[in-house]
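Please read the structure below before turning to the comments.
None of the figures in this text is laboratory data; all of them are computed from the coordinates on show. The structure presented is a predicted model; accordingly, all values stated were derived computationally and were not measured. So basically every Cβ, Gly included, is an ideal-geometry build from the backbone, and we count neighbours across all protein chains shown.
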Amino acid sequence: MSEPRRRSWAEPFKIKMVEPLKMTTREEREAAIREAGYNTFLLRSEDVYIDLLTDSGTSAMSDRQWAGMMLGDEAYAGSRNFYHLEAAVREIYGYKHLVPTHQGRGAEHLLSRTLIKPGDVIPGNMYFTTTRLHQELAGGLFVDVIIDEAHDPASLHPFKGDVDLAKLQKVIDEVGAEHIPYVCIATAVNMAGGQPISLANLHKVRALCNEHGIRIIHDATRVAENAYFIKEREPGYADKSIATIVLEICGLTDGCTMSAKKDALVNIGGFLALNEWKVFEACRNLVVVYEGLHTYGGMAGRDMEAVAIGLGESVQFDHIRARVGQVKYLGEKLQAYGVPIVVPIGSHGVFLDAKTFLPQLDQDLYPAQALAAELYLDCGVRAMERGNVSAGRDPKTGQNRRPSLELVRLTLPRRVYTQAHMDVVAESVAEVYDNRATVKGLKMVYEPSDLRFFQARFEPFD
Ligand code: P61
């Protein structure tokens, strides 16, 4: 019998413009990371070879998006690009009303100020740094209601973004629906490793929220990536298009906050989209205070045009298969080297399990931060800490939160790097893994009060 024929996918684009990369020596990298206080956020991009810090605002725009930039209508009020974006959000996500913002956290700010009263509780499927901070700044308290499997890097649950309905019910029973302005549902849950929520689960969350008259606000930042996993894994969805699945997800929620810098393939931009007129009206009133007029919200007209076009590209199957496929390619290479990573491999990056990688380090020696610095030293790959530093301090106890997930995120910008770059990254991680016994911890010597991970500084701990 003949072997079944293999059918690979390839990137559904060809490259039209290139940006040279600079390689550095080990000595140069040692100086650069010391200068950066062992924090990859503080490195100069010039000193980075392959930049896997984030997929946020780092994607390559298409020729259509660049052409759209030339159609920017930079009128202060009523730009035609706003109306194009509004139509795209209605068509692709199905939400009724649009408030543009400069990026995702601008939308979180307006929403939190509008809906949260001091003492309110916001249940969600795992925290995100900026989202939780805006909830807290508005006087609210975030409560994690994601399934336990999401906190276990080795659990192979196919939908680790699912909500534990018993946990959600318990919060409702304890605080009362009137103190829950909304349930916050993220798709492709970032801090869990880019893990999807299933539609079956979201339907149940909707039913429970309907019983109690509670809104659901969707963090739609990576909804198309979540939809790809639903198509791949959830019974009954294999033949549905990504666009259809995205519409079904959004249809189960009352509005969204969006960082367009991810799925929507732009370098800057975001929005808030809402079905309820009253909430929309309140947010539209606030946008002019904090972002800009309600028909640009901090974005240039050309940027809104690029978002409108990018949203359409984000739900194209060939695009999303190659995007998530490249993440899988890197993840599988690392698994072949025996490197401990979060499984199943997620949507937007491969997350190294730093606790298993560096078992010799206590969590207060910041193993993920130390590992990210070590990876940079090996060959100039920049990754991001997603562990004890990112989780911050518990406001009640003042202690480090010591989250169960202590991760280093190798995040893939969309349409930017090739498989050969992925090979180089995997080999570098494998090299660091082979030498893991020599990696030392870090002590924090400068700690900002909010979102400390962005600007904190460290020194080697002896
Ligand atoms: C990231 F280290 N994400 O993943 P804005 N929701 C979600 C996001 O992923 C997100 C925002 C809201 C970033 C950038 C970033 O702790 C950090 O457009 C699911 O960045 O304001 C952003 O959207 C906020 C990196 C943000 C971080 C916060 O790399």
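Before moving on, here are some points about what is shown:
- Fully extending the segment from residue 179 to residue 152, taken as 0.36 nm per residue of separation minus the present Cα-Cα distance, adds 6.7 nm.
- Exposure proxy ranking, count of Cβ atoms within 10 Å, fewest first, for 221, 24: 24, 221
- Treating r as the C-beta distance of residue 447 and residue 34 and R0 as 25 Å, the FRET efficiency rounds to 0.85.
- The distance from the alpha carbon centre of segment 237-275 to that of segment 18-63 is 29 Å, rounded to a whole number.
- Rg then Dmax, both in Å and based on the Cα atoms of segment 411-462: 15.9, 41.
- Fewest-first ranking of 209, 379, using other Cβ atoms within 10 Å as the exposure measure: 379, 209
- Fraction of alpha-carbon pairs over 33 Å apart in the chain - percent: 35 percent
- For the chain, share of DSSP beta bridges that run antiparallel, in % to the nearest 5: 65 percent
- Reduced Cα scattering model of segment 332-372, Debye log10 I(q)/I(0), q = 0.14, 0.22, 0.23, 0.35 Å⁻¹: -0.33, -0.73, -0.78, -1.18
- Alpha-carbon spread of segment 85-194, three principal axes, descending order, Å: 39, 32, 22
- Among beta bridges that DSSP assigns inside segment 204-308, antiparallel share in %, nearest 5: 60 percent
- At full extension, residue 399 and residue 200 could sit 67.9 nm farther apart than now, given 0.36 nm per residue minus the alpha carbon distance.
- Computed from the C-beta positions of residue 42 and residue 66 and an R0 of 45 Å, the FRET efficiency is 0.90 to the nearest 0.05.
- Label-point gap, in nm, between residue 239 and residue 337 - each point 7 angstrom along Cα→Cβ: 4.3 nm
- For residue 146, the residues 5 or more places off, or on other chains, whose built amide H falls under 5 Å of its own are 126, 164.
- Scalar couplings 3J(HN,Hα) for segment 153-164, obtained by applying the Karplus form with A = 6.51, B = -1.76, C = 1.60 to θ = phi - 60°, are x, 9, 5, 8, 3, x, 10, 6, x, 5, 8, 7 Hz; x denotes Gly and Pro.
- For segment 37-76, alpha-carbon Rg and Dmax in angstrom: 15.6, 44
- Listing 404, 347, 79 from fewest to most neighbouring C-beta atoms within 10 Å gives 404, 79, 347.
- In terms of packing, defined here as the mean over residues of other Cβ atoms within 10 angstrom, the peptides 282-293, 118-129 line up highest first as 118-129, 282-293.
- Cβ-derived FRET efficiency at R0 41 Å, residue 21 paired with residue 76, nearest 0.05: 0.55
- The chain - percent relative contact order, Cα under 8 Å, separation 6 or more: 23 percent
- Within the chain, helix-based [θ] at 222 nm, where runs of 4 or more DSSP H residues each add -39,500 (n - 2.57), nearest 500: -12000 deg cm²/dmol
- Long-range HN-HN contacts of residue 216 with modeled amide H, under 5 Å: 183, 254
- The alpha-carbon atoms of segment 1-139 define a convex hull whose volume equals 290 cubic angstrom per residue.
- Descending principal axes extents, segment 268-310, alpha-carbon based, whole Å: 29, 21, 13
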